[in-house]
1. State all residues of the stretch 335-380 that are farther than 17 Å from Leu405 by Cα and of a type in the set (Ser, Thr, Tyr); if no residue qualifies, say none.
2. Among the residues of the stretch 304-320, are any under 21 Å from Asp244 (Cα atoms) and hydroxyl-bearing (Ser, Thr, Tyr)?
3. In the stretch 337-353, is there at least one residue being charged (D, E, K, R) and either under 22 Å from Leu232 (Cβ atoms) or outside the structural domain of Asn253 (by TED's automatic domain parsing) (or both)?
4. Within the stretch 396-412, can you find the residues that are in contact with a helix residue (DSSP H, G or I) (Cβ under 6 Å, 6 or more places away or on another chain) and either among the aromatic types (Phe, Trp, Tyr) or surrounded by fewer than 18 Cβ atoms within 10 Å (Cβ to Cβ) (or both)?
5. Show me the strands (runs of 3 or more DSSP E) found entirely inside the stretch 1-79 where at least 3 residues are under 25 Å from Ala272 (Cβ atoms).
6. Which residues, taken from the stretch 315-336, are surrounded by fewer than 20 Cβ atoms within 10 Å (Cβ to Cβ), touching a strand residue (DSSP E or B) at 6+ places or on another chain (Cβ under 7 Å) and either among the aliphatic types (A, V, I, L, M) or not assigned by TED's automatic domain parsing to the domain that holds Gln289 (or both)?
7. In this structure, is Ala229 assigned to a helix (DSSP H, G or I), among the hydrophobic types (A, V, I, L, M, F, W, C), touching a residue at least 40 places away in the same chain (Cβ under 8 Å) and buried (at least 17 other Cβ atoms within 10 Å of the Cβ)?
Amino acid sequence: MPQLGETVTEGTITTWSKAVGDAVQVDDALFEVSTEKVDTEVPSAFVGVLRAILVEEGDTVAVGVPVAVITATADEPIDLGDVAAPPPEVAPPEAPTVDDASPPPVGRPPTSPAPVVGAADAILTPVVRRLLAEHGLDPTAVVGTGRDGRITRADVLAAAAAGAAGGPAPSARMAPAVPLPSRPGDEVIAFGRARAATAGHMRQSLDTAAHALVVVPVDYAAVDPVRRAAGLSFLPFVARAVVDAIREFPHVNASTDGERLVVHRDIDLGIAVDVDHEALVVPMLAGAQDLRLTAIAEGITDLADRARRRRLDPASLEGGTFTLTNVGSFGTVIAAPIIRAPQVAILSTDGVRRAPVAVPVDPASGGDEWAVAVHPVGNLSLSFDHRAIDGAYAAAFLARVRSILEERDWSSEVGS
């Protein structure tokens, strides 16, 4: 199991793309893996033949655990007793080793490493045990949504959030106080790994960050002809304006724990991407402060494309200092997005529509004569953590984003 990001400790095999006996080339899709951060294909780093699949679809294993055997040729001897050795901190299985002289059970997983067992036989990974200890939770007080009722990281965070909000933590040993209503013909869908992780993160953010919202209308008359000529959406223009405004208001590009503020030098711009209405991922456009309009547009397009094809580099999901979410394509008027803690702000681009606006007849003269014109207009909504920044600072930042969008000569940036 590869390391899919700095903080990821385990992954779930969702689909094997190759079968035992198949030839494998470098970069061939070998299997799909789901973590709390991303669902992605894992390519082969070797040329050869897939000789054994050690982890079945649906099984969750720690980073570093062998999941398959590839050999250079189809007749090369293999010893599954060696490759199935458990990772550190996991007790070895009490199972006989495979004798080299006997044919190994190729294609069938060996005895799984002994799980870490907690109270009431709850199967706990090291990261789950650590989170339970940090939040002072008993495993029996947490509902496991993973395979065979296993407790996941998202389950612990959800239980901790419920406790922080003053409500009881969900119990795996008793029915909820208010049963989930359903009627004949209803479809009951269990939260998948990605949805459960998103739920835990969003609940945790709402329970810790002091969410506040400011909204400004924007006249996109200066942007529209340039973006049409270049075949672009409004999003890269907003991203470019955000990057420039952050230089003047650096405290929105920060992280906080409620007691300290870390103001980041680099602007690693998170771009929220919907994946088939099933998951939300936020890949990062690193070093956006060094990019101009065209490069930002290309970077956003590339991240969105790879996210929807589930081919994101897991490193692109680590970190991030400020986030953009674009729901405007659905015609939204005002959105109030949830901050991606420990970040302190997230900006939503809402729908752009044609509307009448008042424009000066002679802007150069500074006169008070006005005319009515139809321009593309839309709102920008900024959710911010009031623990870290105040309303005046947030509003001033958002006003600066608006002025850049409305007043810049954007034609000078096309092709740059």
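1. The answer is Ser365, and nothing else.
2. no
3. Our first condition is that a residue be charged (D, E, K, R); within the stretch 337-353, this holds for 340, 350, 353.
Now narrow it down to the ones that are either under 22 Å from Leu232 (Cβ atoms) or outside the structural domain of Asn253 (by TED's automatic domain parsing) (or both): 350, 353.
Looking for residues that are charged (D, E, K, R) and either under 22 Å from Leu232 (Cβ atoms) or outside the structural domain of Asn253 (by TED's automatic domain parsing) (or both), one finds at least one in the stretch 337-353, hence yes.
4. Listed by number, the residues that qualify are Phe397, Trp410, Ser411.
5. Where strands (runs of 3 or more DSSP E) fall fully within the stretch 1-79 and carry at least 3 residues being under 25 Å from Ala272 (Cβ atoms), they are 10-16, 29-34, 39-43.
6. Val327, Val333, Ile334, Ala336
7. No: the conditions fail for Ala229.
Results for (1) closer than 24 Å to Ile338 by Cβ; (2) in contact (Cβ under 8 Å) with a residue 40 or more places away in the chain, shown as yes or no for each residue.
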residue: Asp268; (1), (2): yes, yes
residue: Asp276; (1), (2): yes, no
residue: Val281; (1), (2): yes, yes
residue: Arg311; (1), (2): no, yes
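The values are calculated or read from the model by the stated rules, or taken from the named source; none is laboratory data. Since this is a predicted model, take the numbers as computed values, not measurements. Cβ atoms come from the backbone with ideal geometry, glycine included; neighbour counts cover every protein chain shown.
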